[in-house]
Amino acid sequence: MTTIGFIGSGHIGHAIAKQAIAHGHQVVLSNSRGPETLADLVAELGPQARAATSDEAAAAGDIVVVTIPFKNYPQVPVEPLVGKIVIDTNNYYFERDGHYPDVDGGAATASGKLAEHLAGAKVVKAFNSIRAAEIGDHARPAGTPNRRALPIAGDDDGAKQFVRDLIEGFGFDVVDAGPLAEGRRFDRDQPAYGAPLTADELREALAAAS
């Protein structure tokens, strides 16, 4: 059993937490408004879920999911995440987050900026290219024809293998896009973003990224 901490508990966090619990994991949820605001969500998810502060969720998790608006990444606690696997689900939407010239110009990526902030953590980009409801609705057993595939990217092979195993357990094939910087291949407006693709189709979409 793995304990998964959540920095952010919105739609994507809720969907991942629900899948995690269904597959035998425990979850520790947090948000920017305080644990007391998560009472209804914890009640829905059941005894394998509890609420905490962001620092507590980061410390409690064997693996931690960061699922917040990109502009809030500097608020993610650093010290509790040193040495841990961090799944980054974030997307950069300049309409919401404001403009980041280095990201706009291609010199940096959103996940790369989180990884720079979380020095010592093993950041893996995942779950950013799927809608929250589809994390449950599109899950299928291994070997199902036309099973949907999800992309991942990261710089640590061991961390990526852990995340691959987790996602495959949730009901999806996984395609490794390469180092964390290659996560740009499944960012917003790229062919792999949001599309329900098989593994072969996803590889083609990643290769076609601009």
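Some points to look at:
- Total charge dipole magnitude, region 1-120, about the Cα centre, Cβ charges on Lys, Arg, Asp, Glu only, Debye to nearest 20: 180 debye
- Answer label, with Cα Rg over 2.2 N^0.38 Å calculated from the coordinates and candidates (i) 0.95; (ii) 1.56; (iii) 1.15: (i)
- Net length gained if the chain between ALA107 and GLU134 were fully extended (0.36 nm per residue, minus Cα distance): 6.6 nm
- Trypsin sites (Lys or Arg not before Pro), loop per DSSP, at most 14 other Cβ atoms within 10 Å - longest free stretch of the chain: 34-130
- Within region 3-207, antiparallel bridges make up roughly 10 percent of the DSSP beta bridges whose residues both belong there.
- Distance from the C-alpha centroid of region 146-171 to that of region 40-105: 18 Å, rounded to the whole angstrom.
- In plain terms, the chain from VAL82 to GLN161 could stretch by 26.6 nm, reckoned as 0.36 nm per residue minus the Cα-Cα distance.
- Each of HIS117, HIS99 was scored by other Cβ atoms within 10 Å of its Cβ. Arranged with the fewest first, they read HIS99, HIS117.
- Taking the helices alone, the chain has a mean residue ellipticity at 222 nm of -8500 deg cm²/dmol, built from -39,500 (n - 2.57) per DSSP H run of at least 4 residues and averaged over all its residues.
- Taking a ≥ b ≥ c as the square roots of the eigenvalues of the Cα gyration tensor, an a/c ratio of 1.5 or more together with a/b no larger than b/c marks region 26-66 as oblate.
- Approximate spin-label separation ALA39-ASN72, in nm, with each point projected 7 Å along Cα-to-Cβ: 2.1 nm
Any read-out appearing in this document is the output of simple, stated calculations on the displayed coordinates, not a laboratory observation. Worth saying up front: this structure is predicted, and the values here are computed from it rather than measured. Because the Cβ atoms are built from the backbone with ideal geometry, glycine has one as well, and the counts that use them run over all protein chains shown.
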